[in-house]
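Colleague: Pasting a structure below so you can have a look.
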Amino acid sequence: MDFEKSFTEIDFKEHLFSNKVFQIASQVAEKTNVKLFLIGGFVRDIVLDRERDDADFLVIGNGPEFASALAKELDVKSISIFRNFGTAHFKYENMDLEFVGARKESYKRNSRKPIVEDGSFEDDISRRDFTINTLAVSVNKEDFGRLIDTYNGIEDIKNKIIRTPVDPLITFDDDPLRIMRAIRFASQLNFNLDDKIKKAAEELRDRLGIISKERITDEFLKILSSAKPSVGLRLLQETGVMQTILPEVANLSGVEQRKDFHHKDVFIHTCMVVDNISENTDKIWLRFAALMHDIAKPQTKRFIEGIGWTFHGHEEIGARMMDEIFERMRLPLTNLEYVKKMIRLHLRPIALVDEEVTDSAIRRLIVAAGEDLEDLITLCRADITSKNIQKVSKYLANYEKVMAKVREVEEKDRLRAFQSPVRGEDIMKICNIPPSKKVGEIKKAIEDAILDGKIGNNYEEAYDYLLKIKDEFVKSQNVTN
Ligand code: CTP
């Protein structure tokens, strides 16, 4: 995106005219004598040209009262009001609309729950998380569509930087979840974190302890869902936040050198694997499996004289570690077995490259991976992080070989399991013969016709074919039991 050009061209008024709800909101604000602004992600995402179907309104006055008046005007019946927080929400057509009264917030040290006091526009935006989220657009009649950029949010978007409107120690202390949000926005938008934010995150990371695990996990999964998750993973690591929320991943860092042998830094390798897989899939649990595939390498690391470093059994131990990690991070247990399976099997396909590999070894992989075999191969391919292009194409070709063997074995098994669509019972009835060897012969003749492509593999064609061959079979030989 050509940032410079697009910024001067953004016409917020035009955006506000695109949906009649904003004009009606403006009229209701005029009538009820409140000042009204669009704020936060809605404005930020207009600048970033990202689609969204929710909008946050800042009301200088009583948020729930204004929301109720607007809902009435729009003929919306269902509205949720949270009086303690001074917020309200309703859906209009396909948009989620949030309303908040401007407030001055102070927080108790051991809780995220603010003590809410009414405040001015300025009070409100100064207590918001990041400058890029303080951008506001007036919905008031006198300056409908005017941008208010008190903290240089536009400049920060242009420079791709996440900064806080006030000292980040205050912003994060007010609400430590913002430490995760800062890293999440950086990862989603591919922005940098201001150095002061990094320092404050490092200093206050233990305050994440007052945040529910679910909310932290929610932000973590958003990082993992971004186009290049390593941006967020590296920031989590650099600020020490990873050590606080997922020490197992933090502990993957580091390389040891003994004699001529050193191993790859597993954290860096893991970041590359996660980025690789994210280019090929949006499946969050496959991405999660990629993040965790080498999780047990630190525990299983051994140095063997003359051979070097080994990580024997890390795939099985890693899979078993998922029980605790899923529970601690409150991850949905419906995905646990899938993630364990991916970790447990991530080395299996490459072990099956040899020419001499038996069909039954291939069959064991097919059965173990089941319907997730394609995902497993996607993980294996992402696991190739060599910088040597020749090696990469050789390894990729190896997986092609394994998949060719899988298809070959599947085809053999499909043929072996194949049966005539017209069953023995039907054959006996139609040909008027008792159970006998002949029934099998007729069945085989039908199966051969299908395999030879003379007829299709369906009941109707097999039935017609049976009528055609029946006389020849029944007449030509005596039926014996
Ligand atoms: N906000 C904040 N601190 C938080 C959460 C939210 O200051 N811990 C403010 C920000 O100004 C933010 C707005 O509330 O823009 C709305 O929050 P939310 O809907 O969570 O985020 P968005 O910025 O809309 O971004 P997205 O929906 O993309 O997550």
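Colleague: Measuring from centroid to centroid over Cα atoms, what is the spacing of segment 230-254 and segment 436-478 in Å?
Modeller: Cα centroid of segment 230-254 versus Cα centroid of segment 436-478: 66 Å apart.
Colleague: Still on this structure, please answer the following. Enter the accessible area of Asp372 (Å², nearest 10), with the probe set to 1.4 Å and all protein chains included.
Modeller: About 20 Å², ignoring ligands and nucleic acids.
Colleague: Computed FRET efficiency, Cβ-Cβ of Leu169 and Asn251, R0 25 Å: what is it to the nearest 0.05?
Modeller: With R0 = 25 Å, the Cβ-Cβ based efficiency is 0.35.
Colleague: Right, next: Which entries of Lys297/Lys387; Lys91/Lys196; Lys297/Lys394; Lys31/Lys158 have Cα-Cα distances beyond 31 Å here?
Modeller: From Lys297/Lys387; Lys91/Lys196; Lys297/Lys394; Lys31/Lys158, over 31 Å: Lys91/Lys196; Lys31/Lys158.
Colleague: What's the percent breakdown of Cα-Cα distances in segment 424-480 across 10 Å bins, shortest bin first?
Modeller: Going from the shortest bin to the longest, the percentages are 24, 58, 17, 0.
Colleague: Quick one: what do you get for the chain if you divide its Cα Rg by 2.2 N^0.38 Å?
Modeller: Here the answer is 1.39, to two decimals.
Colleague: Which FRET efficiency value, to the nearest 0.05, is calculated for Asn84 and Lys283 with the Förster distance at 56 angstrom and r the Cβ-Cβ distance?
Modeller: Efficiency computed from Cβ-Cβ geometry: 0.90.
Colleague: How many angstrom separate the Cα center of segment 137-204 from the Cα center of segment 264-322?
Modeller: That distance is 34 Å.
Colleague: Here is a further query. Order the following by accessible area, largest value first: Val273, Val474. Probe radius 1.4 Å; ligands, DNA and RNA are ignored.
Modeller: Reading off the accessible areas and sorting them downward yields Val474, Val273.
Colleague: Moving on. Using the beta-carbon distance between Glu14 and Asn152 and R0 = 22 Å, what value does 1/(1 + (r/R0)^6) give for FRET efficiency, to the nearest 0.05?
Modeller: 0.40
Colleague: Taking H placed 1.01 Å from N in the peptide plane, check which residues at least 5 places from Thr87 or on another chain put their amide H under 5 Å from its amide H.
Modeller: Phe82
Colleague: Working out 0.36 nm times the residue gap between Lys429 and Phe303, then minus their Cα-Cα distance, what length gain in nm do you get to one decimal?
Modeller: Length gained, Lys429 through Phe303: 38.2 nm.
Colleague: In terms of the ratio Rg/(2.2 N^0.38 Å) built on C-alpha atoms, what value belongs to segment 101-255?
Modeller: Its radius of gyration relative to the 2.2 N^0.38 Å reference: 1.10.
Colleague: Give me the one-decimal nm value for the distance between modelled label points at Asp359 and Asp195, 7 Å along each residue's Cα-to-Cβ direction.
Modeller: Inter-label distance under the simple model: 6.7 nm.
Colleague: Suppose a student asked you for the relative contact order of segment 39-173, using Cα pairs under 8 Å spaced at least 6 residues apart; what percent would you report?
Modeller: 21 percent
Colleague: If you stretched the chain out fully between Asp323 and Gln23, how much longer would it get, using 0.36 nm times the residue separation minus the C-alpha to C-alpha distance?
Modeller: On the way: separation 300, 0.36 × 300 = 108.00 nm, distance 5.21 nm.
That works out to 102.8 nm of additional length.
Colleague: Of the trypsin sites (Lys or Arg not before Pro) in segment 215-321, which ones lie in a loop per DSSP and count no more than 10 other C-beta atoms within 10 Å? Could you put the intermediate results ahead of the total?
Modeller: Numbers: sites: Arg215, Lys222, Arg234, Arg258, Lys259, Lys264, Lys283, Arg287, Lys301, Arg302, Arg320; in loops: Lys259, Lys264, Lys283, Lys301.
Loop-located and lightly packed - Lys259.
Colleague: Restricting to DSSP loop positions (anything but H, G, I, E, B) with no more than 11 other Cβ atoms inside 10 Å of their own Cβ, which GluC sites (Glu not before Pro) remain in segment 244-346?
Modeller: Answer in residue order: Glu256, Glu305.
Colleague: Pop a pseudo-label 7 angstrom from the Cα along the beta-carbon direction at both Glu410 and Glu238 and give the gap in nm to one decimal.
Modeller: Taking the simple label geometry, Glu410 and Glu238 are separated by 4.3 nm.
Colleague: Now a separate question. Return the Cα extents of segment 3-157 along principal axes one, two and three, sorted largest first, each rounded to a whole Å.
Modeller: Extents along the principal axes, in whole Å: 43, 41, 27.
Colleague: Keeping all protein chains in the complex and leaving out DNA, RNA and ligands, what accessible area do you get for Met272 with a 1.4 Å probe, in Å² to the nearest 10?
Modeller: Taking all protein chains as shown, Met272 has close to 60 Å².
Colleague: Accessible area per residue, 1.4 Å probe, Å², for the chain: what's the number? Each step should come with its number before you reach the end.
Modeller: On the way: 24840 Å² over 481 residues.
I get 52 Å² per residue for this part.
Colleague: Here's something else I'd like to know. With all protein chains present, calculate the accessible area of Thr164 using a 1.4 Å probe and round the result to the nearest 10 Å².
Modeller: It works out to around 10 Å².
Colleague: What chymotrypsin sites (Phe, Trp or Tyr not before Pro) does segment 321-420 have in DSSP loop regions with at most 15 other beta carbons within 10 Å?
Modeller: In loop regions of segment 321-420 (DSSP not H, G, I, E or B), the sparsely surrounded chymotrypsin sites (Phe, Trp or Tyr not before Pro) are Phe418.
Colleague: Then there's this: For the chain, give the percent of accessible area contributed by carbon and sulfur heavy atoms, probe 1.4 Å, rounded to a whole number.
Modeller: For the chain, the apolar C and S fraction of the accessible surface comes to 48 percent.
Colleague: Can you compute the modelled spin-label distance between Arg52 and Leu333, with each label point 7 Å from Cα toward Cβ, in nm?
Modeller: 3.5 nm
The values are calculated or read from the model by the stated rules, or taken from the named source; none is laboratory data. Quantities reported herein were computed from a predicted structural model and do not represent experimental measurements. Reconstructed Cβ throughout: ideal geometry from the backbone, glycine too, with neighbour counts over all protein chains shown. Surface areas here come from the heavy atoms of the whole protein model, side chains and all, with no ligands, DNA or RNA. Shrake-Rupley method; radii C 1.70, N 1.55, O 1.52, S 1.80 Å.
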